Amino acid sequence: MNKHNRRVRIVLWATSAVLVLCASCGTRQNRQTRTPNIESVIPVPVQTENFEVPVSKEIRPLVLNRHTAIVCTDSTFAPVAEYLARKVRTATGYELKIADRLPDEGRNYILLTRTDSVAQGEGYRLVSSPDETVCIAAQAPAGAFYGVQTLLQLLPPEIESPVKVKDVAWELPVGVIDDYPRFKYRGVHFDPSRHFAGVEFIKKQLDVLAMFKINRFHWHLTDDQLWTIEIKKYPELTAKGAVRTEGDGSTHRGFYTQDEIREVVAYAAARYIDVIPEIEMPGHAKAALVSHPELSCTGGPFEQPRVIWGVEDDVFCPGKDTTFAFLENVLTEVFDLFPSEYIHIGGDECPKVRWKACPDCQRRIREQGLDKKAGHVGKDGRKHTAEELLQSYTITRMEQFANAHGRKIIGWDEILEGGLAPSATVMSWRGEAGGIAAARQQHDVIMTPNSAGFYIDHQQGAAEVEPVSIGGYSTLEKVYSYNPVPDSAAADWGRYIIGVQANLWSEYVLSDAHREYMYYPRVLALAEVDWSPNDRKDWASFQRRLVDAERRLDYHGINYHIPMPEGTLVDLLAFTGDSVAVPFSNTRNLPMVYTLDGSEPTAASAVYRDTLMIGGEAPVVIRIATLTPQGKLSPSRSIRVERQLLKPAAEPAAVDSGVVMRVAEGLFLTDEQIAGARFGADTVVRYFRPGYEAGTKTAPESLVVYEGFVELPEDGVYGFTTDMEELWIDGERIVKNGQEAASRHLRHKTTRALAAGKHAFRLVFNNMIRHGWPDVWNDISFFVKTPSGTVYERVKASQLTHAVSVDE
Ligand code: TNX
């Protein structure tokens, strides 16, 4: 404890009427054995202490009952008292009275009291005494609210129940907690502009975020793929920009009315969460340009919002004054809806190709003298192009507008390009470098580094076992271990780091349940990074506390991630000897349970202890799932383990290099449609390629089949994988994709025992845009792991042949 805290503590001990400080010698430590205890809280508090109680004194912790009073001595804390009363009423059925003074009997109450001696506005001191009283002291309502959140976490998890639960002893552990946040900005990001989610979903998340002391909700309202905020002045924005139809015929839509937005903002405010809207500019603007093509450089037309992921070349045109008038009008309505101190104006990933060719942009560049400054070293010590300076001009101009309305702007780290707008806060997403550079320029920074795990659209385990994602790797432990400000930087640029945020982009997140799967429990790790002192963090302790926290999430119906069994990543494991080793592991070293009789594993199934050795003639199906300490199972995996004889090689009479390719034009959505495809003539190609000429980026849709032989070098068990729709070997379909959002990251792997030599293959490439991912963005090929190899390698043209008739 530092000096400052100690002083605070003494003052509190001295002033609080509730406390009895006993420094007598014969003391014993009050040990709480039940869960939760004083050490159960996430994020871990700055300091927790058990109570020193004399042996002679009976310990009587507060146990909530219907006579417990909530005492609130300061009217500004009244909403917090009511929040607590509501939580208790819902779970226990007790209608606790809110009083403004202590009850005469001097016990059985929770006191919320204002004091200036607590460290920060968001800080609090919670004293749960051995004489049936609890005191939460804070300087401001937010601190009292966080004290209440800690109090709730000290009660049994049933306190989070949405319905009354009976037969629970609502007992609080005894102890003292002194607490305040490390960072003022503790953020979670939400992206409805790729796949939409409604107001009920948001409110459910706000309830949970508040439990873990998250205080910013970053609402990414606009992007290339959807415009999701109603703007009264421009109703066409949502009429045309809030719906798109993708290549597979699926339609995606959704937007928030202004009434809904007000409802969310108020709901968040009641939980001490600021909602920060993001209106993307000047890039990621395609959904807006659909209804307002005149705000682009080319004038359009644009048929619909972008239907693929990635970065759109058509952006707002900063050469036109009408663009600024539009953006200002939009922001005016945004200011009205969102009282937040910060407004996010995007600024990321803005290609400059249109600006380069646009007479309006070039005129603006000349008028502003940006052409003269281009190529010279700027204030940031770097050289910029005229168009980069135009980006900076745009952001600075919008910043001035926001500042004039009493708001601060946040932008992604690209706003550093061309020089930072004077008072902008930078959100550092492409690693930490942009953030550190901005902090060195004495700008506030929010760290959201994708490299450190804060892009929680990245997968939380092996690609083979997790749902298809955008890629990247972000496990719970990776998020947890981040420290945004190393001690060495604390006095220097570290002072400008105002917090950390986790971003959940929703390109690959198609449902509410999947969103929760991506948020939790990583958001709880984020909460600890943001709130707790770095030296209080402890991965082992966090994992223990998580068990209780996840029980609470269960009461909220949250679909949190449970690590999947990894280690063996194929759906079929072939072997040729007497037996084969089948190892399993998972990212949190949790227990796993399995069956060998094909039945679904339960919590009572055999516990996996060591690599399974499977032998014998009959195939065995291993079904395995991860089991959490609170008794929940991950989805199970099913792995067929099979002794195989080497499949003999084919002996075609004559072959030639290259493979046979056949194309059927059109959209093939089902296996029946694929089976019924009418192909054009056979052609021979040296290697796999699309069914149309190169240079066409996405369409046309088509089904392409390639057939031939693949040369395998040795006898043994081979691994196969592909991101194409199907792969067949020796007449058997061994890989089938197309069941998920998109086929990516070679997620489906399998093995077969094969003799050295030629084996017939058939590769099916089904080219369309599936959930924003054009299949042609994949590697049109398949991958093989040899018996002695360790990695899957793309088949080489030199391995491929096709049969030719002997007399040719
Ligand atoms: C980059 S982060 C983006 C988003 C994508 C995200 C996917 C940022 C400022 N731009 O548009 O959704 O990557 O991970």
Check off (1) outside any loop (DSSP other than H, G, I, E, B); (2) aliphatic (A, V, I, L, M); (3) within 25 Å of residue 329 (Cα to Cα); (4) more than 16 Å from the ligand (Cβ to nearest atom) for residue 439 and give me the number that stays unchecked.
(3)
Of all residues making up segment 283-314, the number that are within 14 Å of the ligand (Cβ to nearest atom) and either surrounded by fewer than 23 Cβ atoms within 10 Å (Cβ to Cβ) or closer than 23 Å to residue 415 by Cβ (or both)
11
Filter segment 492-513 for residues that are part of a loop (DSSP other than H, G, I, E, B), more than 16 Å from the ligand (Cβ to nearest atom) and over 22 Å from residue 535 (Cβ atoms) and give the result.
511
How many of the residues making up segment 219-253 are closer than 18 Å to residue 201 by Cα, in contact with a Pro (Cβ under 8 Å, 6 or more places away or on another chain) and open to solvent by 10 Å² or more (accessible area, probe 1.4 Å)?
0
Take the residues in segment 411-436 that are assigned to a strand (DSSP E or B) and not hydroxyl-bearing (Ser, Thr, Tyr), then tell me which one is farthest from the ligand (Cβ to nearest atom).
426
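Table: residues versus (1) open to solvent by less than 10 Å² (accessible area, probe 1.4 Å); (2) in contact with a strand residue (DSSP E or B) (Cβ under 6 Å, 6 or more places away or on another chain).
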| residue | (1), (2) |
| --- | --- |
| 717 | no, yes |
| 724 | yes, yes |
| 727 | yes, yes |
| 731 | no, no |
| 737 | yes, no |
| 741 | no, no |
| 744 | no, no |
| 749 | no, yes |
| 754 | yes, yes |
More than 35 Å from the chain's Cα centre (by Cα), aliphatic (A, V, I, L, M) and at pLDDT 75 or above - does that describe any residue in segment 11-23?
no
For segment 322-348, which residues satisfy the criterion of being within 21 Å of residue 231 (Cα to Cα) and assigned to a loop (DSSP other than H, G, I, E, B)?
338, 339, 340, 341, 347
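Looking only at segment 644-663, which residues are closer than 30 Å to residue 579 by Cβ and charged (D, E, K, R)?
647
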Do any strands (runs of 3 or more DSSP E) lying entirely in segment 552-653 carry at least 3 residues that are among the β-branched types (Val, Ile, Thr), and which ones are they?
620-626
Quick one: how many residues across segment 187-227 are of a type in the set (Val, Ile, Thr) and either within 16 Å of the ligand (Cβ to nearest atom) or closer than 17 Å to residue 252 by Cβ (or both)?
2
Could you tell me which of the residues 352, 372, 379, 356 is surrounded by 18 or more Cβ atoms within 10 Å (Cβ to Cβ) and out of contact with any His (no Cβ under 8 Å at 6 or more places or on another chain)?
352
Over segment 500-519, the set of residues touching a helix residue (DSSP H, G or I) at 6+ places or on another chain (Cβ under 6 Å) and open to solvent by less than 10 Å² (accessible area, probe 1.4 Å) is 500, 502, 504, 509
Going through segment 450-491 one residue at a time, which ones are in a helix (DSSP H, G or I) and free of Cβ contacts under 8 Å to residues at least 60 places away in the same chain?
450, 451, 452, 478, 479, 487, 488, 489
Condition met for residue 525 (away from the ligand (no atom under 16 Å from the Cβ) and open to solvent by 40 Å² or more (accessible area, probe 1.4 Å)):
no
Looking at residue 753 and the list (1) within 39 Å of the chain's Cα centre (by Cα); (2) farther than 19 Å from residue 687 by Cα, which single condition is not satisfied?
(1)
Residue count, segment 65-74, condition open to solvent by 60 Å² or more (accessible area, probe 1.4 Å) and at pLDDT 95 or above, comes to 2
Say we look at segment 82-93 and pick out the residues that are touching a residue at least 40 places away in the same chain (Cβ under 8 Å) and in contact with a Leu (Cβ under 8 Å, 6 or more places away or on another chain); which of these is surrounded by the most Cβ atoms within 10 Å (Cβ to Cβ)?
84
Given 395, 446, 470, which one is open to solvent by 30 Å² or more (accessible area, probe 1.4 Å), among the aliphatic types (A, V, I, L, M) and within 14 Å of the ligand (Cβ to nearest atom)?
470
Selection from segment 291-321 of residues assigned to a loop (DSSP other than H, G, I, E, B), within 14 Å of residue 226 (Cα to Cα) and polar (S, T, N, Q) yields 304
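The values are calculated or read from the model by the stated rules, or taken from the named source; none is laboratory data. A quick note: this is a predicted structure, and the numbers were derived from the prediction, not measured. Every residue, glycine among them, receives a Cβ derived from its backbone with ideal geometry; neighbour counts consider all protein chains shown. Side chains included, ligands, DNA and RNA excluded: accessible areas come from the protein's heavy atoms. Shrake-Rupley method; radii C 1.70, N 1.55, O 1.52, S 1.80 Å.
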